[in-house]
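The values are calculated or read from the model by the stated rules, or taken from the named source; none is laboratory data. In this text, all values refer to a predicted model and were calculated from it rather than measured experimentally. Note that each Cβ is placed from the backbone with ideal geometry, even for glycine, and that neighbours are counted across all protein chains shown. Surface areas here come from the heavy atoms of the whole protein model, side chains and all, with no ligands, DNA or RNA. Shrake-Rupley method; radii C 1.70, N 1.55, O 1.52, S 1.80 Å.
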Amino acid sequence: MRRRKISSLKTQIGYLICVVVLGIILACGYSVITVIHSNQAKYDAWCEENLFEIEKSYMEKYYKIRSIMSACEYNENLQRILSGSGASSYEILTPINDMETNLTYMLYNYSLLDSELMDVYVRDMNNRLYYYARYQNDSTLMEFIEDNSFDKDGSISDIFELGSSLCFAMTGEIHKFENAGLGYTISKDKVIGASIFTVKADFLRKEMEKIQGHGCSVYLLNQKGEVMLMPEGQEMLWEDIRQNISSLETAENGILSIQKKGYAINMKSIGSNGWKLLLVSPEKERIFYEKDGFRWLVVWLVFLLCVFMVAFPLLKSLNSFVNNCVRHMKEIGDGNLDAKLERMDKKEFNQITDGLNHMMESVKQLMDRNIQLTTGLYKEEAEKSKAMLFALQSQMNPHFLYNTIECIRNIGVCYDVKEIEELSTALSAVLRYSLRQENVVTIGQELECIKQFVLIQTIRFEDKFQVYYKVQENLMDRNILRLSLQPLVENAMKHGLEAKQGECILIIHIFEKDEFLHLQVEDNGVGIPYEKLKRLREGKGKEQKSVALSNLKDRLMLYYGSAAALNMESKENEGTKMEILIDIHEK
């Protein structure tokens, strides 16, 4: 049989501490990573929400200006002037003497349809301009009008300074209004001019200024990556960051999130003219977007450290106590009976320490006395000394054992180890029952001892046994020889059921029949080989397994005489039944 490797308690405690410390480190590391990832995701969602709000404001303004442009295209005077026709293209037309003057008023009225509209221009195919403008002949605007007036899909300029305001210009083609047979409609192919509207960018700046906190900066970039607009008082975009993001492209309606040189950058394209909204903030602001997660992490870390600080002294004390006990036993084994076990700072440990020290003092005194007596002149005095030593030890050992078992039970209660508490209580009950002075007890008392013994075995073998009691109620107060039934139960469990694989059943059956009291113990264990069973029945078995049965037979004979008998039946691999028969008229 392979010898089981035995490790020291100190090593196991060291492993336990390492596992706990490693678990705390891993748990904290995982928690930190989880909190960081959560904060980064929340920060990106916050950036996305703000960028979409700015885009929403821009697109609402864009579509509103486009709708005004469409309305301008349907204007009768504008159609007549740009068509080069003095007559109306409509079926019914009220003559207008000064169409250009009325057109100027019309353009002025269009400029009032939105608070952000500044100037309105109309350009015909001969490059003549009709306009209502507060700021005329601005070179940037004129250049844009010259290059982009007749862009088929309409153009939008970069933001530029016009007077005291920042603005951008939008262009759109004007198509001819003509008769389509069933009515008048706008021609898709005949372009007769273009409209150009300048729009203040203040509404965009106001939306950008709403983004506050977390150390972020917001910029509006043109297609070349140049800053066109940002909130007042904000620092300019660093050149190295601008160069890093100038070549990056975002997916349609998507946001690009990147980290560059310690900065978190969130970028979104708006409109169709290559504009980009940019949110820049230090990466640490992204990591510490919400600090509650880190606060709770600190709380849990402190809690785990407190638990460890409380548990570590306890483990240290237990390890020290066990080491002291090992050293003490080694000294005693080497012959140093004067060795004392040191007291510690735990009450339960001290109770065990005092008990062991007191026992060793008593043993040493008695051994010294015994040595003195055995060196005497006559053997009788030496024999009397041995008898006294034995008597004193018999009185001392039970008291020490009771105290030791009670200490173990208290440890189980203190540390909420139910199995230790139950095991020590059952062991104490069996020990007290075994050391009772009277030889006769009731069947109920014998069964109570058996139940405590069964409880010990059940805890030891983790509920391996199933025990059934079949006892006539009127027999519970019947007197029997003490420890007559318990050895049969112990023998059945130890030699019949421990080695069995699968379901282990033990039946205790007590009844009266044919003027005899029957005390039966039956198991479904491994059974007894025929030759060994034969030797046991003949009283020739001298093996260790048969000592208890031989002892029981002798005690039954001494107490009951021929009025009691012990019967044994067994089949190998099927089970064993042992029965005590007592004549009810004899005792």
With all protein chains modelled, accessible area of V298 [1.4 Å, Å²]: 90 Å²
Convex hull of Cα atoms in segment 142-207, direction-averaged projection (nm²): 6.0 nm²
By accessible area with a 1.4 Å probe, ligands and nucleic acids excluded, highest first: order of T140, T198: T140, T198
Sequence ranges 469-482, 495-508, ranked by mean other-Cβ count within 10 angstrom, highest first: 495-508, 469-482
Estimated vicinal HN-Hα couplings, Hz - segment 315-320 in sequence order (Karplus 6.51, -1.76, 1.60; Gly, Pro = x): 5, 5, 5, 4, 5, 5
Electrostatic dipole magnitude of segment 420-555 [Cβ: Lys, Arg +1; Asp, Glu -1; Cα centre; debye, to 20]: 660 debye
Heavy atoms of D523 accessible to a 1.4 Å probe, total area in Å² rounded to 10: 20 Å²
Entries of K56/K284; K188/K224; K206/K276 with Cα pairs more than 26 Å apart: K56/K284; K188/K224
C504 long-range amide H proximity, modeled H, under 5 Å: Q466
Overall form of segment 461-551 per C-alpha gyration tensor (a/c, 1.5; a/b vs b/c): oblate
Local net charge near R134, Cβ-Cβ under 13 Å (Lys/Arg +1, Asp/Glu -1): -1
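Suppose R0 equals 22 Å. What FRET efficiency, 1/(1 + (r/R0)^6) with r the Cβ-Cβ distance, do I584 and S550 give to the nearest 0.05? Before the final figure, lay out each step's value.
Working: r = 25 Å, r/R0 = 1.16.
Efficiency, from the Cβ-Cβ distance: 0.30.
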Accessible area in the full protein assembly, largest first, 1.4 Å probe, for W300, W238, W275, W46: W300, W238, W46, W275
Phi to ³J(HN,Hα) by Karplus 6.51 cos²θ - 1.76 cosθ + 1.60 over segment 215-225, Hz, x for Gly, Pro: x, 8, 10, 10, 9, 10, 10, 8, 5, 7, x
Largest-first ordering by accessible area, 1.4 Å probe, given options V526, V122: V526, V122
Positive minus negative residues near L483 (Lys, Arg vs Asp, Glu; Cβ under 14 Å): 0
Extension reserve of the Y30-N474 stretch, reckoned as 0.36 nm per residue once the Cα distance is removed: 153.1 nm
Using a Förster distance of 51 Å, the FRET efficiency for D334-V307 (Cβ separation, nearest 0.05): 0.80
Environment charge at V521 (Cβ cut-off 9 Å; Lys +1, Arg +1, Asp -1, Glu -1): -2
Solvent-accessible area of H37 with every protein chain in place, 1.4 Å probe, in Å² to the nearest 10: 110 Å²
Long-range amide H partners of I192 with built H, under 5 Å: I174, H175, K176
